[in-house]
Structure formats: C-alpha cells, structure tokens
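Undergrad: One structure, as structure tokens, below. Some questions next.
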Amino acid sequence: MDILPQLLVNALITGSIYALASSGLSLTYGLLRILNFAHGHFMMAGAYVFYFFVVEHELALFPAALLTIIAGAIFSFLALKIFIFPFTAFSFFLAFVTTIALGTLLESAVSIVFGVNVKSLSTGASFESIEIGGVYITPVQIIIIASAIILLSLLACVIHKTPFGRRVRALSESEHAAQALGMSKNKISTLCFTVATLFAIYAGVMVGYETNLQPTMGNAYTIKAFAAMILGGLGNIWGTIAGSYLLGLIENLSIGLDFGGYSLPAGYKDAFAFLIILLVLLFRPQGLFVRGGRKF
Amino acid sequence: MEYVIHLCILISIYLILTQSFNISFGLGLLFNLAHVASYAIGAYATALFATELGANFFECVVVSMLLSGLFSLLIGGISLRLEQDYFAVGTLAFSALVSALLINWKSLTRGVLGIPGIPRPEFLSIDFYNNLNFLFLSGSLAIFVLIILYLLFQTPFARALKAQAESESATKALACNTALICNVSFFISSAFAGLAGSLYAYYINYIDPSSFSLTEMVFILTITVTGRPGSFIGCILATFFLVLLPEPLRFIDMSPGILGPMRQALYATILFVVVYINRRNIFPVKRSV
C-alpha cells in the first residue's frame, strides 16, 4: 500500500492552515518589526467567537462570519492601539512581552468563558470523505486548500499589483525613507495588522472544522507560525508561505514514512518540527528562501 | 500554619528560580525563554534519579544542576549566534522541544502521567516529610543561593554582562569575550534553575509536564519584569509579592477550573501594566557607538 500520495495531501492541508496563520505574522513583522506572540491566540479566540455565534447561538454561516469579522477587526484595532503601538518606539522586547501578556489574557479569558474542554465546529457530515485516486479527503479539507490558495494569491496581488501594496513594500524595505515620502506607517500597519488578524481567525475557524478547538492551542500555533517564519526568513512573506508548506510536509513525512523499519511515533511530530527550526537557526539563520536583502 | 509553611517553601523555590533568570535576562538582556526548560530538566533529573536509581539528595541536586547547566550550553551554542528577535524565537523553540519530549518520551518520563512518588530527601536523620523541616532545607538553600548571586552581581563579570547588553561591539573592543560571558551567564542561571526544579520535585513529590509549560515561563517573566530586570532586591520583593498575590483568590468560592485561568489573567495583566508604566526605561536602549 502506498501512502505517499495521502501524506502529500495531508501535508498540503496542514501547510495551508500554517500558511494562512503565518503569512499575517510575517506581514506584521515586516512592517512593525515586532514578533506578535499572541498571533496563535488570535486564531484560537477568533475561532471561539465563531463557535459562539454558530454553535451556541445557532446563527447561519454568513451572518456568523460577518459578526466574527467585525469583532475581529475591532479587536485587532484595540490590540494594536493598546498592546503594540505604545511600545514599538522603545525596544523590541517590550512589544514581545506585552503580546505574551495579551496571549495569556486571551487564553485565560477563553478558558473562563468556554471552559477548557475540547470544542468542535464540525458536524458529522463534514467527516464523510471522498476518495480521489486512492486519496481520502473531506469537503472541509478541499475548502481549506482552495481557500488558502485563493486568499494567498489575493494577498500576493494586493501586495505586488496595487499602489497600496507598493506602500507596504516600501515601508517594510525602508521605514524612514517611506515615511519621508509621506506614507503613514500607522495607517498602513493598522490595516495590515487587521488583515493579518482576520487571516489568523480564518485559519482558526478552519482548524475548528478540521480538528477541534482548545484554549491552549494558541501557544502551539504561535510556535508553529514562528517556525514557518524562521524557515522562510523573518518578515519575508513568500518565504514564510513556502516555509509553512515545507513544515506541513516535514511533519507529515516524519510520522508517515518509516526509516528502515522504524517510524517516528505520532506524538513526536511537534518535536520534530522544533528540531528543524533549531537546525535552520544553526545553519541558515537568515531563512531558507532569502537571497540578498529584499524582503518581498 | 501548614498553609503558611507551604507558601514559604514555594517562595524559597521561586526565589532561586527568578533570581537565576534575572542574571541572564536582567543583566545580560538575553531573552532566554528556555529558562523554564532548565527548570523542567532539573526537576525531571531529580525525579528520575531519586525514584529509579535511589540516588540521595546531594547526588540528585548536583546531577540536576549539571544537566541543566549542560543544557544551557546547548542553547547558548545555537542561540547566541542569533540576533535579539531570532534569539527569543530560538529559545522558544528549545523550550517547546523540551516540553514535546517530556510529553512524548513515555518510556523515560511517563508522558502526561508524570512521575509520582518522589521520596523526600534523607540525611542527618531529619524527617523531611515534615514540611517545616523541608522549609528549613529549602529556605537555607535559597538564602545560600541568593548570597552567592548577590556576590556575583557585584563582580566585573556582571558589569561585563550588562555592558554587552548595551553595546556588544564596544564591549568587544574592550577585549571582553562577550560570547564566553553570555555562555557562562547561561550556565549559571540554568544550573540554579535546575536546583529550583530539583527542590520543586522533592517538595511536591510528583511532577508532570504541565508544571513546566509556557504559563510558568510567563509567571517567571512577570516576576522579573515587575521587580525591574537586573535589580537584585526588586526581584526578591516581586517574588514575595507575586507568589502571595493570587492566594486570596483561593478563599473566594470558585470552581478550580476558573481559578487557574484567573491567576493567569492576573499575572498577565500585571505584566502588561508594569511594562506599560515603565516602557521608557525598563530595558536599556541599545546604544550605537
């Protein structure tokens, strides 16, 4: 039995979720030069808000999504104003520490409101898998892969083809020069941060449909997103997206393939990913996909 | 009374843990998020040596400190080659790697089940199962460690560590081996974290991976930041203050499921407020020469 195609598809699914989560993190790093530790917690909290609307209040998908987007946008604006902007001028440590505080606050708030037990967004129907050429895939997983491709290409178009994207690129390449030309760093980074948060929330909702939700998942996803970003090079969006798919591939291959009769137990998947980060940091700290100084 | 003794023992353990974090983080501005992993390694080393091999107290403490110290050299070897933000992520990956190993290496650590039945130390025919006696042991160790660290804070080594945080190139120009200094500070802070872990394992008699999660790291960070990074006395006062602060919550009628997150939220809020108030001067701005 050949499991390689199935593993590749699984890698694509995991990679899509990581890519949705980490592209926003990378965008934020490129513009504000801060590591947003709460990014994984945004995913978690956003997914719980969606859960609140869809499962607990039984709203239809569309209004629930709309309400979640509005809540996410307001929240990201406040988070940026309170937890990040007052600190960026002083030291990189500060915003990192405050976002750690924010992440912890979100985690405890969600634990208090929803309890620490596992919750799931998926209904029974979404688990019926379809077989395509020996590979099993559920409709949710198809949506994940397709929407990741659409959203990420949209992001690429905006960043590379529009005047707004040109400003984003200018600001992340040379902050002072861009500001001297009259670009508002505050406005642009607020907008980008909101987009990043909404991407994260979308990824969180997808995780909720694909597996399940837990208040502690925030830390895990933050670290995974950092891992993808390290693989691709800090602040380098396309590198980060490539890194996300690579991370998904590494994780799935590490448990699926057996190395001479010995295969890694499933629990080691995470440990293996962290080992990869350390190896990359040791040998190519600038990231795998960086040539020269350009970020985009 | 038993409750007060319990709190005192916790404080003595946390004094060692936070003051040792204060060396590398406070003085050297090395954002070592793997400190909690050193703590975990110390605790697990003690637990395993005491239960599996029946090692005595002194052997366990020495082994724990050595293993944690050696672990720090591993972190130092990889992470010190990285600049500030990469460094934080690198140590975070280390810490995540260690907790993933603790959870998954079931043949050694029993995974999430944890290691129960760690015997209390035995020597001088004192009954350390009595918490008061254990408090004398942990308290005197904490005071001993604090004296050593206080003396260390006055040495040229500490000044060199501070100097490299402000300007690495200027410190290097003064013929200071900054990499060596950072590694030594790592070794010391990590070895003492190992000691704290060892005491923790002996005191609680049972350890599992959840005691060494990132939440614990946030707690250590909150204490050190509240006490002002690099301040010896501040760190001690903050340890007393923050360990005792959530205790009144215990007496409010609340389900344990809420109590934990409430504590977490309280610490996170304090961390944010302290950083917000002191944002202008809490960390020295990197000076360019």
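Undergrad: Please return the ranges of helices (runs of 4 or more DSSP H) entirely within the stretch A:144-249 where 1 or more residues are over 20 Å from the mean Cα position of the chain (by Cα) and either surrounded by fewer than 16 Cβ atoms within 10 Å (Cβ to Cβ) or modelled with pLDDT under 85 (or both).
TA: Values: elements: A:163-173, A:175-180, A:185-210, A:217-232.
Result: A:163-173, A:175-180, A:185-210.
Residues are listed down the side, and each one gets a yes or a no for (1) modelled with pLDDT under 80; (2) in contact with a helix residue (DSSP H, G or I) (Cβ under 7 Å, 6 or more places away or on another chain); (3) part of a helix (DSSP H, G or I):
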{"position": "B:Ile75", "(1), (2), (3)": "no, yes, yes"}
{"position": "B:Phe94", "(1), (2), (3)": "no, yes, yes"}
{"position": "B:Leu101", "(1), (2), (3)": "no, yes, yes"}
{"position": "B:Ser107", "(1), (2), (3)": "yes, no, yes"}
{"position": "B:Ile126", "(1), (2), (3)": "yes, yes, no"}
{"position": "B:Tyr129", "(1), (2), (3)": "yes, no, no"}
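Undergrad: A further question on this structure: Without any contact (Cβ under 8 Å) to a residue 40 or more places away in the chain, surrounded by 14 or more Cβ atoms within 10 Å (Cβ to Cβ) and at positive phi - does that describe any residue in the stretch B:115-132?
TA: no
Undergrad: Hey, which of the helices (runs of 4 or more DSSP H) in the stretch A:1-116, taking only ones fully inside, have at least 2 residues that are buried (at least 21 other Cβ atoms within 10 Å of the Cβ)? Reasoning before the result, please.
TA: On the way: elements: A:4-32, A:39-51, A:61-79, A:85-88, A:92-114.
Filter on the stretch A:1-116 gives A:4-32, A:39-51, A:61-79, A:92-114.
Undergrad: Next question. Can you tell me which residue in the stretch B:271-286 is farthest from the other protein chains (Cβ to nearest Cβ), limited to those that are touching a residue at least 40 places away in the same chain (Cβ under 8 Å) and part of a helix (DSSP H, G or I)?
TA: Taking the stretch B:271-286 and keeping what is touching a residue at least 40 places away in the same chain (Cβ under 8 Å), we get B:271, B:274-275, B:278, B:282-284, B:286.
Narrowing the set further to residues that are part of a helix (DSSP H, G or I) leaves B:271, B:274-275.
Values: B:Leu271: 4, B:Val274: 9, B:Val275: 5 Å.
The qualifying residue farthest from the other protein chains (Cβ to nearest Cβ) is B:Val274.
Undergrad: Now a separate question. Give the stretch B:48-101 a look and list any residue that's touching a residue at least 60 places away in the same chain (Cβ under 8 Å) and of a type in the set (Phe, Trp, Tyr), or say none.
TA: Those that are touching a residue at least 60 places away in the same chain (Cβ under 8 Å) and of a type in the set (Phe, Trp, Tyr): B:Phe57, B:Phe58, B:Phe71, B:Phe94.
Undergrad: Now for a different question. Among B:Tyr44, B:Tyr3, which is more than 16 Å from B:Phe241 (Cβ to Cβ) and over 16 Å from the mean Cα position of the chain (by Cα)?
TA: Values: B:Tyr44 fails: over 16 Å from the mean Cα position of the chain (by Cα).
Unique residue meeting the criteria: B:Tyr3.
Undergrad: Follow-up. For the stretch A:93-125, how many residues are more than 7 Å from every other protein chain (Cβ to nearest Cβ), β-branched (Val, Ile, Thr) and more than 15 Å from B:Ser255 (Cα to Cα)?
TA: Final tally of qualifying residues: 4.
Undergrad: Additional query: Which is of a type outside the set (A, V, I, L, M, F, W, C) and within 13 Å of another protein chain (Cβ to nearest Cβ), of B:Gly54, B:Gly69, B:Gly117, B:Gly77? I'd like the intermediate steps shown before the answer.
TA: Details: B:Gly54 fails: within 13 Å of another protein chain (Cβ to nearest Cβ); B:Gly69 fails: within 13 Å of another protein chain (Cβ to nearest Cβ); B:Gly117 fails: within 13 Å of another protein chain (Cβ to nearest Cβ).
When all the criteria are applied, what remains is B:Gly77.
Yes/no matrix, rows are residues, columns are (1) surrounded by 18 or more Cβ atoms within 10 Å (Cβ to Cβ); (2) within 14 Å of chain A (Cβ to nearest Cβ); (3) of a type outside the set (Asp, Glu):
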{"site": "B:Pro209", "(1), (2), (3)": "yes, yes, yes"}
{"site": "B:Ile220", "(1), (2), (3)": "yes, yes, yes"}
{"site": "B:Thr224", "(1), (2), (3)": "yes, yes, yes"}
{"site": "B:Val243", "(1), (2), (3)": "yes, no, yes"}
{"site": "B:Ser255", "(1), (2), (3)": "no, yes, yes"}
{"site": "B:Ala268", "(1), (2), (3)": "yes, yes, yes"}
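Undergrad: I've got another one for you. Is the stretch B:261-270 home to any residue that is among the basic types (Lys, Arg), within 30 Å of A:Asn117 (Cα to Cα), out of contact with any Pro (no Cβ under 9 Å at 6 or more places or on another chain) and in a helix (DSSP H, G or I)? Give the derivation first.
TA: Initial filter on the stretch B:261-270 (among the basic types (Lys, Arg)): B:263.
With the extra rule that they be within 30 Å of A:Asn117 (Cα to Cα), the set shrinks to B:263.
If we keep only those that are out of contact with any Pro (no Cβ under 9 Å at 6 or more places or on another chain) too, we end up with none.
Within the stretch B:261-270, none of the residues are among the basic types (Lys, Arg), within 30 Å of A:Asn117 (Cα to Cα), out of contact with any Pro (no Cβ under 9 Å at 6 or more places or on another chain) and in a helix (DSSP H, G or I).
Undergrad: Would you confirm, using the coordinates I've provided, whether B:Leu82 is at pLDDT 85 or above, assigned to a loop (DSSP other than H, G, I, E, B), under 26 Å from A:Glu251 (Cβ atoms) and within 11 Å of chain A (Cβ to nearest Cβ)?
TA: On the way: at pLDDT 85 or above: no; assigned to a loop (DSSP other than H, G, I, E, B): yes; under 26 Å from A:Glu251 (Cβ atoms): yes; within 11 Å of chain A (Cβ to nearest Cβ): yes.
No; evaluated as a whole, the condition is false for this residue.
Undergrad: To continue, here is another question. Being touching a strand residue (DSSP E or B) at 6+ places or on another chain (Cβ under 8 Å) and away from chain B (no Cβ under 14 Å) is the requirement here; does A:Tyr51 meet it?
TA: On the way: touching a strand residue (DSSP E or B) at 6+ places or on another chain (Cβ under 8 Å): yes; away from chain B (no Cβ under 14 Å): yes.
Yes: the conditions hold for A:Tyr51.
Undergrad: For the stretch B:89-102, give me the residue count where each residue is at the interface with chain A (Cβ under 7 Å from one of its Cβ atoms) and surrounded by fewer than 24 Cβ atoms within 10 Å (Cβ to Cβ).
TA: Of the residues in that region, 3 qualify.
Undergrad: Please go through (1) surrounded by fewer than 16 Cβ atoms within 10 Å (Cβ to Cβ); (2) modelled with pLDDT of 75 or more; (3) under 26 Å from A:Phe37 (Cβ atoms) for B:Arg263 and return the number of the only condition it doesn't satisfy.
TA: (1)
Undergrad: Quick one: B:Leu82 ticks every box in (1) touching a strand residue (DSSP E or B) at 6+ places or on another chain (Cβ under 9 Å); (2) surrounded by fewer than 18 Cβ atoms within 10 Å (Cβ to Cβ) bar one, so which box is it?
TA: (1) is the only condition that B:Leu82 fails.
Undergrad: Of all the residues that make up the stretch B:208-232, how many are at pLDDT below 85 and of a type in the set (Val, Ile, Thr)?
TA: Residues in the stretch B:208-232 being at pLDDT below 85 and of a type in the set (Val, Ile, Thr): 1 in total.
Undergrad: If the requirement is being over 18 Å from A:Asn219 (Cα atoms), modelled with pLDDT of 85 or more, surrounded by fewer than 22 Cβ atoms within 10 Å (Cβ to Cβ) and touching a helix residue (DSSP H, G or I) at 6+ places or on another chain (Cβ under 6 Å), which of these qualifies: B:Gly111, B:Gly139? Explain how you work it out, then say what you get.
TA: Working: B:Gly111 fails: modelled with pLDDT of 85 or more.
Being over 18 Å from A:Asn219 (Cα atoms), modelled with pLDDT of 85 or more, surrounded by fewer than 22 Cβ atoms within 10 Å (Cβ to Cβ) and touching a helix residue (DSSP H, G or I) at 6+ places or on another chain (Cβ under 6 Å) holds for just one of B:Gly111, B:Gly139, which is B:Gly139.
Undergrad: Given the structure, is B:Tyr44 farther than 29 Å from A:Ala220 by Cα and not charged (D, E, K, R)? Walk me through how you get there before you give the answer.
TA: On the way: farther than 29 Å from A:Ala220 by Cα: no; not charged (D, E, K, R): yes.
Considered against the rule, which asks whether it is farther than 29 Å from A:Ala220 by Cα and not charged (D, E, K, R), B:Tyr44 comes out as no.
Undergrad: Kindly evaluate B:Tyr129 against the criterion of being farther than 30 Å from A:Ile277 by Cβ and over 18 Å from the mean Cα position of the chain (by Cα). Step through it out loud before you land on a result.
TA: Details: farther than 30 Å from A:Ile277 by Cβ: yes; over 18 Å from the mean Cα position of the chain (by Cα): yes.
In short, yes.
The values are calculated or read from the model by the stated rules, or taken from the named source; none is laboratory data. Treat the numbers as computed from the prediction; the structure is a model and nothing was measured. Note that each Cβ is placed from the backbone with ideal geometry, even for glycine, and that neighbours are counted across all protein chains shown.
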